[in-house]
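So the structure is just underneath, and the comments pick up after that.
Taken together, the values in this text are just the output of simple stated rules run on the coordinates, not laboratory data. Source: prediction; values computed, not measured. Quick reminder, even Gly has a Cβ in these numbers, built from the backbone with ideal geometry, and neighbours come from all protein chains shown.
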2 protein chains.
Amino acid sequence: MPRQIKALFFDVFGTLVDWRTSVARETEILLKPLGHELDWLAFADAWRGEYQTGMEEVRSGRIPFSKLDVIHRCNLDRIRPRFGLDRLDETTLVKLNLAWHRLDAWPDVAGGLTAMKERFWLAPVSNGNVSLMVNLARRNGFPWDAILGAEIAGDYKPKPRVYLASCDAFNLLPADCMMVAAHSNDLKAAAECGLQTAHVARPNEKGPGKGETAPSMRVDYAASDLQDLARQLNG
Amino acid sequence: MPRQIKALFFDVFGTLVDWRTSVARETEILLKPLGHELDWLAFADAWRGEYQTGMEEVRSGRIPFSKLDVIHRCNLDRIRPRFGLDRLDETTLVKLNLAWHRLDAWPDVAGGLTAMKERFWLAPVSNGNVSLMVNLARRNGFPWDAILGAEIAGDYKPKPRVYLASCDAFNLLPADCMMVAAHSNDLKAAAECGLQTAHVARPNEKGPGKGETAPSMRVDYAASDLQDLARQLNG
């Protein structure tokens, strides 16, 4: 028998929003009128490719916590020479970095979250910072009760502190909370903290056919999308 | 000419919710069936009367930060002998402490916030903890973009850190944010951090005729309630 669930915590990049085609699109919208021509999807992949490296500096304690906007900017500066973008001015770079605030949700997300909102407390537990989460919520209609995650915890997933600080903010035991993600490593870390787990398939997250279709570990729920998860939880 | 405002930060106890009659009601609902008879409003006043003392322990650095639920419980234990409540069991005390999660909003609040939501980012910047804020939001329909305030900042208003950490979470300069409160001391502290200020009259907060009808300092806006503030800001 499933244990009682009071709160659902959501991974965001990949699980709720399609970062890849959104970043490619936003980059093209900004840079094409300035005369740049590049492989926009490859650029998005390269930028995301630096993601773990940037956060690992914080997780390892080599640098103090800084919000994901700052890490995205450092990663941008690291990759842009590879794409012939050495000479962008600061105003353009600031705008470009905000591409991550303009990501579109997968089509099932807003409806799925709304279907789960009455019964459960809902929060993103993402490595994205608060303002980035607010922009994505406003753009896509995510009905959050609060913005939890890395910036609140002062560290990055999969460090236990991020999951545990989120439970604590809701005055809940880890066993009363469920982490929802399209990434097995995120769910594994949450399970090790005592949270319940739900996997959502995002088979095209990193490109056609490049995403997790099923979890690589035992989970409490495995869903094809958020509408499916809502049906399973409300059923 | 008023400066541009991007985010509105709200004090909650007294400004948005009527803590006094709500705590009195919730206490009566819980304790009367157990055979207790007391002056419920006086009890609410006494409990609230310990509020600043409890938080001052944290602000002064004498004790590490602990969330307002914990401080409310310590304050409850301090006052209850005065009301003949020495022998309540732990289960009842835990329930009683949650009276602060079941406060009703003043009638203008949900409509006023909704009217301001499209144009401004909205967050509580309260000394209340995240789970308390979520319960009040769900009960009263507060459409927050995020829950900011004391628990996020790790200190209590009117310490500058609480206002500044809230601006930082939204990636905004203090000058782009406005603190909204029914208490001049809260607005004074926010103004000293560079935030804009709006006063809301709550003439009956602490009992009939016992509340601020007007600010005791210069503010950017002075409103009779949140609907009035929404009209002034949208006008």
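Quick grid of which residues meet (1) away from chain A (no Cβ under 11 Å); (2) surrounded by 24 or more Cβ atoms within 10 Å (Cβ to Cβ); (3) of a type in the set (Lys, Arg); (4) within 16 Å of the chain's Cα centre (by Cα):
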position: B:Val134; (1), (2), (3), (4): no, yes, no, yes
position: B:Asn140; (1), (2), (3), (4): yes, no, no, yes
position: B:Ala150; (1), (2), (3), (4): yes, yes, no, yes
position: B:Lys157; (1), (2), (3), (4): yes, yes, yes, yes
So for the stretch A:158-173 (the condition being outside any helix (DSSP H, G or I) and closer than 15 Å to A:Leu16 by Cβ), does at least one residue qualify? no
A:Gly112 fails exactly one of the following numbered conditions: (1) outside any helix (DSSP H, G or I); (2) more than 15 Å from the chain's Cα centre (by Cα); (3) within 30 Å of B:Val134 (Cα to Cα). What is the number of that condition? (1)
Does B:Leu164 meet the test of being away from chain A (no Cβ under 12 Å), of a type in the set (A, V, I, L, M, F, W, C) and surrounded by fewer than 23 Cβ atoms within 10 Å (Cβ to Cβ)? yes
Could you please find all residues in the stretch A:188-235 being over 23 Å from A:Ala110 (Cα atoms) and not in a loop (DSSP other than H, G, I, E, B)? A:Lys188, A:Ala189, A:Ala190, A:Ala191, A:Glu192
Identify the single condition in (1) more than 14 Å from chain B (Cβ to nearest Cβ); (2) farther than 22 Å from B:Ala7 by Cβ that A:Leu103 does not satisfy, given that it satisfies every other one. (2)
Does A:Leu31 satisfy being farther than 30 Å from A:Leu113 by Cα, among the aliphatic types (A, V, I, L, M), part of a loop (DSSP other than H, G, I, E, B) and in contact (Cβ under 8 Å) with a residue 40 or more places away in the chain? no
I'd like to know if the stretch B:41-59 contains one or more residues that are over 21 Å from the mean Cα position of the chain (by Cα) and of a type in the set (D, E, K, R). no
